[in-house]
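The structure appears below as structure tokens.
The values are calculated or read from the model by the stated rules, or taken from the named source; none is laboratory data. Please read these numbers as outputs of a predicted model, since none were measured by experiment. No Cβ is skipped: glycine too gets one built from the backbone with ideal geometry, and neighbour counts run over all protein chains shown. The area values use the complete protein model at the heavy-atom level, side chains included, leaving out ligands, DNA and RNA. Shrake-Rupley method; radii C 1.70, N 1.55, O 1.52, S 1.80 Å.
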Amino acid sequence: QVQLVESGGGLVQPGGSLRLSCAASGISFNMYWMGWYRQTPGKQRDLVADIDTGGRTNYAGSLEGRFTISRDIKTRTVYLHMNNVNSEDTAVYYCSAKRWDGGSEYWGQGTQVTVSS
């Protein structure tokens, strides 16, 4: 059974930092692109950042420099480090796993991030 379990969301003040974690199980971790997406009510789910099987990273243009995606192959965990957050970063953040050859795709249940003073 495939599971992607996100954690680390919560309330953070503007200008603060947060680290999201996604623990993967049931997949061959090194065969999957891992990513973070976010969604606000009434809007589509948008890419935040992803990391491919070779460790190369890709970011939504407006977020590069503030957000950093990383992974730990040994613990099968992908992280999203969020710095200098603002109210526009408020969203539900989802972890995704996409097989490198375009096959299986999986999603986590999402974790809420709220930026507010």
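Worth a mention:
- Val115 touching a helix residue (DSSP H, G or I) at 6+ places or on another chain (Cβ under 8 Å) and either among the aliphatic types (A, V, I, L, M) or open to solvent by less than 40 Å² (accessible area, probe 1.4 Å) (or both): yes
- The set of residues in region 72-87 being in contact (Cβ under 8 Å) with a residue 24 or more places away in the chain and out of contact with any helix residue (DSSP H, G or I) (no Cβ under 8 Å at 6 or more places or on another chain) consists of Thr75, Thr77, Val78, Tyr79, Leu80, His81, Asn83, Asn84, Val85, Asn86, Ser87.
- Contacts under 8 angstrom Cβ, first residue in region 9-31 being under 14 Å from Asn86 (Cβ atoms), partner open to solvent by 30 Å² or more (accessible area, probe 1.4 Å) and of a type in the set (A, V, I, L, M), 6 or more apart: Val12/Leu18
- Scanning region 71-94 for residues that are open to solvent by less than 10 Å² (accessible area, probe 1.4 Å) and either over 13 Å from Phe29 (Cα atoms) or among the acidic types (Asp, Glu) (or both) turns up Leu80, Met82, Val85, Asp89, Ala91, Tyr93.
- Number of positions in region 13-53 that are closer than 15 Å to Ala91 by Cβ, surrounded by 15 or more Cβ atoms within 10 Å (Cβ to Cβ) and touching a Lys or Arg at 6+ places or on another chain (Cβ under 8 Å): 5
- Test: Arg56 is of a type in the set (Lys, Arg), open to solvent by 50 Å² or more (accessible area, probe 1.4 Å) and in contact with a Ser or Thr (Cβ under 9 Å, 6 or more places away or on another chain): no
- Cβ-Cβ under 7 Å pairs, at least 6 apart or on other chains, region 49-65 side within 20 Å of Asn84 (Cβ to Cβ) and modelled with pLDDT of 95 or more, far side among the hydroxyl-bearing types (Ser, Thr, Tyr) and surrounded by 10 or more Cβ atoms within 10 Å (Cβ to Cβ): Ala49/Thr57; Ala49/Tyr59
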